[in-house]
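Notes to accompany the following structure.
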Amino acid sequence: MIVFDLICRDGGHKFEGWFGSSGDFDSQKAAGLIDCPSCGCSAVDKAVMAPNVGIKGNQRSSRSSTSIEPSKPPLPVEGERPITKAVAVPAEYQELVAKLAKAQAKMLEQSEWVGNDFSERVRAIHYGEKEAAPIHGTASADDVAELEDEGIDVMPLPLPVMPPEAQN
């Protein structure tokens, strides 16, 4: 999974989006599937992001210490709030996403993962070279456009899917 900071061009609202890859973002954007949760605008772009990189394990803390104890995070100063980009998600949205995830998982139980062979397999099914069967996999935005030009209906899954070989 990859998390992008996104921004809508109409209202300037910033929000996070989770995608299986950068290509998933591009294909979902091209298909008009990404909307601003604040105003519904579909003109959404990636916002500038600062990477979250931790310090190297061999670097010393700025505090000098001679003990063998692991360094502890500094205590919060009274009145300060932690800095975060996390957005509070209303409970009803969390419930909707959970139901959507459950429905998608149930649907995928009956579907075969074909990975990068998706375009070829769906063509073979469409042209009668293979028996019709529910499949899912990955395809680039260009592959999807070619399939649509051939009259083959495909659609992205609402939530990212982890390939079986990447699962624990």
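Within region 1-46, the residues that satisfy the criterion of being hydroxyl-bearing (Ser, Thr, Tyr), closer than 24 Å to VAL154 by Cβ and outside any helix (DSSP H, G or I) are SER21, SER42. Are any of the residues in region 103-111 surrounded by 10 or more Cβ atoms within 10 Å (Cβ to Cβ) and either of a type in the set (D, E, K, R) or at positive phi (or both)? No, region 103-111 contains no residue that is surrounded by 10 or more Cβ atoms within 10 Å (Cβ to Cβ) and either of a type in the set (D, E, K, R) or at positive phi (or both). Looking at the structure I just gave you, is ALA88 without any contact (Cβ under 8 Å) to a residue 60 or more places away in the chain, of a type outside the set (Lys, Arg) and over 17 Å from MET1 (Cβ atoms)? Taking the combined requirement at face value, the residue satisfies it.
For ILE125, the conditions (1) without any contact (Cβ under 8 Å) to a residue 24 or more places away in the chain; (2) loosely packed, with under 15 Cβ neighbours inside 10 Å; (3) in a helix (DSSP H, G or I) are fulfilled apart from (2).
Do we have VAL122 as within 20 Å of the chain's Cα centre (by Cα), on the phi < 0 side of the Ramachandran plot and among the β-branched types (Val, Ile, Thr) here? The answer is no for VAL122.
In region 151-164 there is at least one residue matching the filter, namely being β-branched (Val, Ile, Thr), under 16 Å from LEU33 (Cβ atoms) and under 18 Å from the mean Cα position of the chain (by Cα).
Let's see how each residue does on (1) farther than 25 Å from ALA103 by Cβ; (2) out of contact with any His (no Cβ under 6 Å at 6 or more places or on another chain); (3) assigned to a helix (DSSP H, G or I):
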position	(1), (2), (3)
ARG121	no, yes, yes
LYS130	yes, yes, no
HIS136	no, yes, no
GLU148	no, yes, yes
VAL161	no, yes, no
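Every number in this text was worked out from the coordinates using simple rules, so none of it is lab data. Because the structure is a prediction, the values reported are computed rather than measured. As a convention, Cβ positions derive from the backbone with ideal geometry for all residues, glycine included, and neighbour counts pool all protein chains shown.
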